[in-house]
Amino acid sequence: MKKGDLKSKRAQVTLFVLIGIVIVLAILLYFGLKGTFFGVSLPKNMKPVYDSYTDCIEDITREGVFILGQQGGYIDVPDFVPGSSYRPFSSQLDFFGQPVVYWMYVSGNNIVKEQIPTKENMQTELEDYVRERLDTCKFKEYEQQGYGIFVEDGAVEVQIKDSEVILNAKNPMTIYYENDTARINEHTIKLDIRLGKLYEQAKELYNYEKSEIFLEKYALDVLRLYAPVDGVDLSCTPRVFVDEEITEELKKGLTANINFLKVKGSYYELKDKDSEYFVVNPGFSVDTNVNFLYDPTWPTRVEIYGDRVAKPVGLQEGLSMLGFCYVPYHLVYDVNFPVLIQFWEGDFFFQFPVSVIIDKNYAREALPPMFEAESLESEVCKYKNQKMKIYTYDSELKPTPARIQFKCLNSQCEIGQSTIKAEGALYEGFVPECVNGFIIANAEGFAETKYQISTNEETVADILLLRKYEMPLDLGDIKGNAVVTFSGSDYSATVLYPEMKTVELVEDYYNISVFAYSDSSLTVKGIQESKCVDVPVQGVGNLLGLTEEKCQDINIPNMEVDTALIGGGKNKEYITEDILKRSSELNINVPIYNAPDTIEALQDNYALVEDSAIYLEFE
């Protein structure tokens with residue numbers, strides 16, 4: 001055989017092989033792409049079946065996307081971490097029964113934690129959500145019409161883009177009907193939902209809050225506007241602060257102000273120039289709606305430190321030269337509350353909550369863009385190196401679970417909770433090593449108890465909790481108001497009567513005082529005079545001891561005394577738990593004086609209170 005003929009035959013064989021491969025590929029492509037969105041159409045009688053399937057996939061995908069938005073970027077929320085009585089936040093906010101994952105919160109042991117989802121994590125969770133539910137798409141109606149429908153397992157891929165969510169389900173589907181057969185290998189779904197864009201804007205706003213603490217700054221403004229912080233009242237009557245009333249007003253203020261916040265953008269119109277105060281400028285503008293939500297029923301912690309009865313200055317012996325009275329006050333607050341931030345378009349919204357932290361009238365420190373979980377506690381509290389057993393009981397030595405704190409110098413640490421065990425209500429763990437520190441125990445319905453201990457020497461503490469009893473009060477025929485104070489060795493209570501007609505007491509030895517007030521038309525005359533003093537001259541004359549006269553004008557206007565002291569007195573008495581148990585009312589007999597018509601008479605009434613006795617009778 002000639003070499004040329006051999007080459008010709010080999011070329012023909014190669015050509016046939018190539019043609020065969022092309023034919024096979026064409027057949028595969030025909031059946032592989034038939035009925036997909038890549039250019040090949042399904043037979044008309046099969047299209048409703050396939051449309052039904054893609055509609056089902058779209059519904060599942062949309063449902064998963066909405067769950068992502070509602071739960072802070074999570075479908076499978078992280079494990080629930082409970083809060084404590086000290087820090088009421090858990091790791092999730094209950095929003096109408098829906099768990100919304102905090103992006104930042106303070107755990108029960110006082111640690112700041114983050115839970116920000118990544119876009120990759122959201123894509124993975126959505127892929128899993130759709131893949132696990134594909135078999136819920138049923139074709140019973142079409143099968144009854146004679147269709148044969150087989151859906152295989154396969155992978156699901158999700159892309160979250162700024163303006164859309166794309167899902168590609170790679171699970172082949174084969175449809176038989178009469179003499180027709182169609183096979184679709186992939187199913188692509190596109191949702192016109194700007195999940196990616198809203199997520200990115202939410203993350204930018206969160207980072208702005210984390211670094212600039214703008215929510216804490218608004219909260220501080222609300223605190224000073226709606227709650228008494230520090231100041232001076234021109235008054236001759238004590239000012240009484242009631243924790244419940246302060247907390248209620250503060251929650252009202254937070255609701256009215258936080259819910260009015262806006263982010264710089266085009267989705268609102270300002271009513272006036274003053275409304276610009278409520279516009280947050282994070283360095284970018286939003287083209288969607290943004291809501292800030294606070295609900296007073298959400299976990300909110302308000303702790304108040306300071307004297308609840310601010311007494312007037314100017315009525316004490318030796319201060320009559322002032323010629324007027326004033327009441328200075330200073331209260332310190334810890335305030336923690338959640339704010340839910342929502343980005344929304346149409347019926348879709350992406351939301352996440354954060355924890356707002358005010359500590360001793362100051363905002364928390366700003367946090368860096370990336371940070372490890374860190375403690376808000378002092379350096380003393382970080383070093384819990386002494387093992388302790390702390391037992392808590394009531395007065396009848398019954399085990400009583402309690403919240404345990406530890407105070408060393410100026411630091412107060414959150415320790416944990418005593419719980420019921422075989423040997424009693426016990427906390428077994430670590431506390432800071434401290435000389436003459438205090439274990440502080442609190443339980444619902446009991447007074448706070450302080451137990452002094454040197455933890456470098458002692459390792460066991462038995463703490464007795466005193467139960468509080470609510471006792472109705474009757475001050476007889478007093479007209480006007482009265483401030484009743486029970487000051488015990490470890491427990492105190494103050495009542496503004498008759499607005500408050502009950503008092504909570506525990507067994508203790510009390511110093512009891514009553515100051516009764518009624519309406520007054522007394523006017524304290526103002527002061528308008530000039531005070532002059534000799535002061536050293538400046539320069540060389542100062543070395544020679546020369547002086548010059550400097551004068552200062554004093555101008556204090558007349559002060560109207562709306563209420564004046566008209567009665568009161570003091571006493572000391574040990575009140576036992578047995579008396580509190582079996583008594584239904586406490587009657588207090590209060591001496592009444594003449595209504596004062598001068599500042600001197602008012603001062604005389606205050607002196608009478610110091611010398612007069614009140615009498616207590618338990619019924």
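Convex hull volume of the Cα atoms of region 404-521, normalised per residue: 146 Å³.
Counted over region 182-242 with a bin width of 5 Å, the fraction of Cα pairs per bin, in whole percents, is 4, 11, 11, 10, 9, 9, 8, 7, 7, 6, 5, 4, 3, 2, 2, 1, 1, 1, 0. Here the scattering of region 222-352 is modelled by Debye summation over its C-alpha atoms, one equal scatterer each and no solvent; at q = 0.18 Å⁻¹ the log10 of I(q)/I(0) is -1.01. Going from the fewest other Cβ atoms within 10 Å to the most, the residues LYS273, LYS311 appear in the order LYS273, LYS311. Fewest neighbouring Cβ atoms within 10 Å first, the residues CYS236, CYS137, CYS325 line up as CYS137, CYS325, CYS236.
Every pair of different Cα atoms in region 36-195 enters the Kirkwood calculation, which places the hydrodynamic radius at 18.0 Å.
You can think of it this way: the chain between GLU143 and SER489 has 116.3 nm of extra reach, that is 0.36 nm per residue less the Cα-Cα gap.
The distance between label points at GLU470 and TYR383 comes to 4.6 nm (points 7 Å beyond Cα on the Cα→Cβ vector).
Net charge dipole, region 222-352: roughly 200 debye, given to the nearest 20, about the Cα centre with Cβ charges of +1 for Lys and Arg and -1 for Asp and Glu.
Within straight cross-link reach of LYS382, meaning Cα distance under 18 Å, which lysines are found once same-chain residues fewer than 8 apart are removed? Qualifying lysines at Cα under 18 Å: LYS113, LYS407.
Eigenvalues of the alpha-carbon gyration tensor of region 236-276, scaled by 5 and square-rooted, set the equivalent ellipsoid semi-axes at 34, 13, 6 angstrom, largest first.
Take the Cα of GLU573, step 7 Å toward its Cβ, do the same at ASP135, and the gap between the two points is 7.6 nm. Given their separation in residues at 0.36 nm each and the Cα-Cα distance between them, ASP477 and ASN587 gain 38.5 nm when the chain is fully extended. Cβ crowding within 10 Å, taken as a proxy for footprinting-reagent exposure, orders SER211, SER520, SER411 from fewest neighbours to most as SER211, SER411, SER520. In straight-distance terms, cross-link reach from LYS47 covers every one of the lysines whose alpha-carbon lies under 21 Å from its own, apart from those fewer than eight places away in the same chain; here that gives LYS34, LYS138, LYS140, LYS170, LYS190. Taking one quarter of the surface of the C-alpha convex hull of region 391-464 gives a mean projected area of 4.7 nm².
Spin-label pair ALA366-LYS119: with each label point 7 Å from Cα along the Cα-Cβ axis, the two points sit 2.6 nm from one another. The alpha carbon radius of gyration of region 471-526, expressed as a multiple of 2.2 N^0.38 Å, is 1.37.
FYI, it's all coordinate maths here, none of it is from the lab. Here the structure is a predicted model, which is why all the values come from computation and not from measurement. Neighbour counts run over all protein chains shown; Cβ positions are idealised from the backbone, glycine included.
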